[in-house]
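Asker: Dumping the structure here so I can ask a few things about it.
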Amino acid sequence: MMCSRCKKAAMRPKDIGLRDVFIRGLLTVLLGCGVGATGEIPVASAQELALPVEEVGQTIGDGMDTFLILQTNLQPPYQELQDGMLSGYSIAVLNCAFDRIGIGYGLAVAPRLRNREMVRSGRADGFFLARLSAFMDEYAVPSHPLALEKWVWISKRVEADEPRSGLRNKPGDMSAVGAILGSNEAEWLLEEGYADINRAPSFSSLVSQVMAGHVEYALVDKQSFEAARTELGLGSENFELRFERYAPLVVYFSKVYLQKFPNMLNDLNDNLEFCETVPMNLEPWERAAIERDQLPSIEKLAGASELITKIRTELDGATYDTETRKLLDVEWIAKVRNGDISLAASNILENDLSQYLRKFQQASGGHVAEAFVFNLRGEVIGMNRVTSDFDQSDETKFQMTDNLNRGHAQIDDILFDGSTRSFLSQITVPVIDPDTGNVMAALTVGLDVSAALRPES
C-alpha cells in the first residue's frame, strides 16, 4: 500500500525533472511508502542513477526538497538482495529514521570504490555502510553509527600434527593476507602497513581461497562471514577465528548536500536511537571478558564506603510523587534531545555523588563512558554526565533494586549511545546498605566496548 505522499509524487513526474528516472520504476523510494517489515526497497544500478552534479540535492517539490540519492553495496546481512528488493538490518534502520523525519531517498547498488567516487564527485548524496575514514572526511560527514562490525581473522583450521599448527591464528610477517576488494577491511589493512593483500571480488571467492590455502588469513566482518559460510555450506569446524577490532559503520553524506540542507544530519542522528531494531548481542567470550576484567572493579565501586556515604546524602534529599517524577522525566528527555540540560539534571550533576562518579570514569583509562546511580524509585541521583532520561523504573536495569538480586549483576548487550557517541554495554549492580544488608540503590556503568574489550594485538 502506498502512502498519500507517495501517490502524489508518483502522479507528478514532470515536476521532478531529471528525478523522473526514479518514478519510472528504476528506483522510487519514499520512506514509509510500500516498505514492509523487512525494510525491503527496490534498487537500481549506479549507471541508472548517474545524474549531473548540478542535479544532486535539487528541490523536487511537495515538501520533498531534501530527497537524496544514497549509494550502497551488497553486504549480507546488513544489505542483501532478495527477489530484486534490497533488505537487511541497515535498510530497516534507515527506513525508520528517514520516515521519522519525513525525507525520501533513493538507493543505487554498486561496488564500494565506485560508491565513494560517486559521493566525492557529487553524483550521489551519500554512501553506506562505511567505516570512519580520514579520506572520506575530506568530502563527506558521517552519521551516527548504524551498526558495529566485529572484525575477525579467519584461517583454515589445521590438525595438531600439521606444519602450520604451531602458528598463531593471526597473521605474521610472512603470511598471505586477504580481504574483500574495496572493503572497509582492505582499506584498514593498507593503513596498517599490509602492502601485499590478496583482494577477492566476493566473500565466496575469499572463503574459497582460505579453504584452498592460497590465503592464510583473511580479515572479515564476523557476521558477514557467518552468513557467507552458511550459504557455501561450510561448517564452523573448518575455520579458526581471532577477534581483531570493532568497526562502527556509518552513512557518509556529501558536504555539498549538507551545505544545502544543514539540518538533515542532526535530525537523522536524533532519530537513529529510536530505530535500532536489534542490539549487538554480546558473544560468550565478550560476556566472559566483562565478568572477568570489568565486573570486579564495578562491584568494588558499588561497595565503597565513600560511594555509600554520598548515596545516603542524596537519599535523604527531596522525594517526588509519581506525577512530579513523570513531569521531571519529560522535561529532562526533551532538553537532552535539544542538546540542553534541565534544572533538575543540572542540580544532580553538581552534587558530591556525581563528582565522585566523574573521578571514577576519568580514572578508567577510557573503558568507562558513563556511570550513574538511581534510587529504589528509579530516579537518577548521581551521574558523571547527563543520562538520556531521569526515570529508570521502566527499564530492565530497575530490577536490580530488588533484594532478590542482591548478589547478581545485569550485563546488557551492546547498543550505540548517542550522547557519548560510542557503543556501550551497561552493567548494573545493586548497592547494598552495610547496616541492613538490603539494596539501597543501583549503580550502572556503561562500558565503551571498543576500548574495554579490544584485545592486545
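Asker: Among (1) within 16 Å of the chain's Cα centre (by Cα); (2) closer than 20 Å to Asn184 by Cβ; (3) surrounded by fewer than 24 Cβ atoms within 10 Å (Cβ to Cβ), where does Leu94 come up short?
Answerer: The one condition Leu94 does not meet is (3).
Asker: Condition first: free of Cβ contacts under 8 Å to residues at least 60 places away in the same chain and touching a strand residue (DSSP E or B) at 6+ places or on another chain (Cβ under 8 Å). Now tell me which residues in region 394-416 satisfy that. Walk me through it before giving the result.
Answerer: Within region 394-416, the first condition is being free of Cβ contacts under 8 Å to residues at least 60 places away in the same chain, and the residues that meet it are 394-408, 410.
Listed by number, the residues that qualify are Thr396, Lys397, Phe398, Gln399, Met400, Thr401, Asp402, Asn403, Asn405, Arg406, His408, Gln410.
Asker: Would you tally the residues in region 225-271 being over 22 Å from the mean Cα position of the chain (by Cα), farther than 30 Å from Gly339 by Cα and outside any helix (DSSP H, G or I)?
Answerer: Qualifying residue count for the region: 7.
Asker: Another question, then. If you check every pair at least six apart or on different chains, which have Cβ atoms under 7 Å apart with a residue in region 245-269 that is in the same structural domain as Leu70 (by TED's automatic domain parsing) and of a type in the set (S, T, N, Q) first and a residue that is surrounded by 17 or more Cβ atoms within 10 Å (Cβ to Cβ) and part of a helix (DSSP H, G or I) second?
Answerer: Ser254/Val119
Asker: Any idea how many residues of region 393-414 are part of a helix (DSSP H, G or I), surrounded by 18 or more Cβ atoms within 10 Å (Cβ to Cβ) and among the β-branched types (Val, Ile, Thr)?
Answerer: Here is the first cut: in region 393-414, the ones part of a helix (DSSP H, G or I) are 396-401, 403-405.
In the following step, the residues that additionally are surrounded by 18 or more Cβ atoms within 10 Å (Cβ to Cβ) were identified as 397-398, 400-401.
Still in the list and also among the β-branched types (Val, Ile, Thr): 401.
Number of matching residues: 1.
Asker: List the helices (runs of 4 or more DSSP H) that sit entirely inside region 70-165 and contain at least 1 residues that are of a type in the set (S, T, N, Q). Write out each step before concluding.
Answerer: Values: elements: 89-101, 112-120, 134-137.
Those helices (runs of 4 or more DSSP H) span 89-101, 112-120.
Asker: Right, another one. Applying the selection to region 340-356, what residues are over 24 Å from Val445 (Cβ atoms) and under 27 Å from the mean Cα position of the chain (by Cα)? Steps first, please.
Answerer: The first filter runs over region 340-356 and keeps only residues over 24 Å from Val445 (Cβ atoms), leaving 340, 343.
Across region 340-356, the qualifying residue is only Asp340.
Asker: Pull up region 380-392, narrow it to residues that are closer than 22 Å to Glu273 by Cα and over 23 Å from the mean Cα position of the chain (by Cα), then point me to the one that is surrounded by the fewest Cβ atoms within 10 Å (Cβ to Cβ).
Answerer: Here is the first cut: in region 380-392, the ones closer than 22 Å to Glu273 by Cα are 380, 383-392.
Subsequent filtering for residues that are over 23 Å from the mean Cα position of the chain (by Cα) retains 380, 383, 390-391.
Values: Val380: 24, Met383: 23, Phe390: 27, Asp391: 21.
Out of the qualifying residues, it is Asp391.
Every residue, every condition in (1) farther than 21 Å from Ala247 by Cβ; (2) of a type in the set (Gly, Ala, Ser); (3) at pLDDT below 90, yes or no:
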{"site": "Arg100", "(1), (2), (3)": "yes, no, no"}
{"site": "Ile103", "(1), (2), (3)": "yes, no, yes"}
{"site": "Gly106", "(1), (2), (3)": "yes, yes, yes"}
{"site": "Arg112", "(1), (2), (3)": "no, no, yes"}
{"site": "Ser121", "(1), (2), (3)": "yes, yes, no"}
{"site": "Gly126", "(1), (2), (3)": "no, yes, no"}
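Asker: Return yes or no: is Ala304 among the small types (Gly, Ala, Ser), over 30 Å from the mean Cα position of the chain (by Cα) and over 16 Å from Asn375 (Cα atoms)? Quick ask: steps written out before the conclusion?
Answerer: Values: among the small types (Gly, Ala, Ser): yes; over 30 Å from the mean Cα position of the chain (by Cα): yes; over 16 Å from Asn375 (Cα atoms): yes.
The answer is yes for Ala304.
Asker: Can Lys222 be described as within 26 Å of Val445 (Cβ to Cβ), of a type outside the set (S, T, N, Q) and not assigned by TED's automatic domain parsing to the domain that holds Arg337?
Answerer: Working: within 26 Å of Val445 (Cβ to Cβ): yes; of a type outside the set (S, T, N, Q): yes; not assigned by TED's automatic domain parsing to the domain that holds Arg337: yes.
It is true that Lys222 is within 26 Å of Val445 (Cβ to Cβ), of a type outside the set (S, T, N, Q) and not assigned by TED's automatic domain parsing to the domain that holds Arg337.
Asker: Within the set of pairs 6 or more residues apart or between chains, which connect a residue that is on the phi < 0 side of the Ramachandran plot inside region 302-323 to a residue that is assigned to a helix (DSSP H, G or I) with Cβ atoms less than 6 Å apart?
Answerer: Lys310/Asp352; Lys310/Leu353; Lys310/Tyr356; Glu314/Leu353
Asker: Keeping to region 252-305, report how many residues are hydrophobic (A, V, I, L, M, F, W, C), closer than 30 Å to Ala334 by Cβ and loosely packed, with under 13 Cβ neighbours inside 10 Å. Steps first, please.
Answerer: Filtering region 252-305 for residues hydrophobic (A, V, I, L, M, F, W, C) gives 253, 256, 258, 261, 264-265, 268, 272, 274-275, 278, 280, 282, 285, 288-290, 295, 298, 301-302, 304.
Those left that are additionally closer than 30 Å to Ala334 by Cβ: 253, 258, 261, 264-265, 268, 272, 274-275, 278, 280.
Next, from what is left, pick out any that are loosely packed, with under 13 Cβ neighbours inside 10 Å: 274, 278.
Number of matching residues: 2.
Asker: Which count do you get for residues in region 180-210 that are loosely packed, with under 15 Cβ neighbours inside 10 Å and either touching a residue at least 24 places away in the same chain (Cβ under 8 Å) or farther than 22 Å from Glu237 by Cα (or both)?
Answerer: Residues flagged as loosely packed, with under 15 Cβ neighbours inside 10 Å and either touching a residue at least 24 places away in the same chain (Cβ under 8 Å) or farther than 22 Å from Glu237 by Cα (or both) within region 180-210 amount to 9.
Asker: What's the number of the condition Lys359 fails, among (1) surrounded by fewer than 18 Cβ atoms within 10 Å (Cβ to Cβ); (2) without any contact (Cβ under 8 Å) to a residue 60 or more places away in the chain; (3) under 21 Å from the mean Cα position of the chain (by Cα)?
Answerer: All conditions pass for Lys359, except number (3).
Asker: Being under 17 Å from Phe98 (Cβ atoms) and surrounded by 16 or more Cβ atoms within 10 Å (Cβ to Cβ) is true for just one of Ser143, Ser133. Which residue is that?
Answerer: Working: Ser133 fails: under 17 Å from Phe98 (Cβ atoms).
Just one listed residue meets the conditions, Ser143.
Asker: Restrict the check to region 246-260 and report whether at least one residue is farther than 30 Å from Tyr105 by Cβ and either touching a strand residue (DSSP E or B) at 6+ places or on another chain (Cβ under 6 Å) or among the hydrophobic types (A, V, I, L, M, F, W, C) (or both).
Answerer: Filtering region 246-260 down to residues farther than 30 Å from Tyr105 by Cβ leaves none.
Among the residues of region 246-260, not one is farther than 30 Å from Tyr105 by Cβ and either touching a strand residue (DSSP E or B) at 6+ places or on another chain (Cβ under 6 Å) or among the hydrophobic types (A, V, I, L, M, F, W, C) (or both), which makes the answer no.
Asker: Further, regarding this structure: Would you point out which residue out of Leu282, Leu234, Leu272, Leu249 is among the aliphatic types (A, V, I, L, M) and farther than 30 Å from Pro171 by Cβ?
Answerer: Just a single option satisfies the conditions, and that option is Leu272.
The values are calculated or read from the model by the stated rules, or taken from the named source; none is laboratory data. On a predicted model such as this, the values are computed, not experimentally measured, just so you know. Virtual Cβ from ideal backbone geometry, glycine too; neighbours counted across all protein chains shown.
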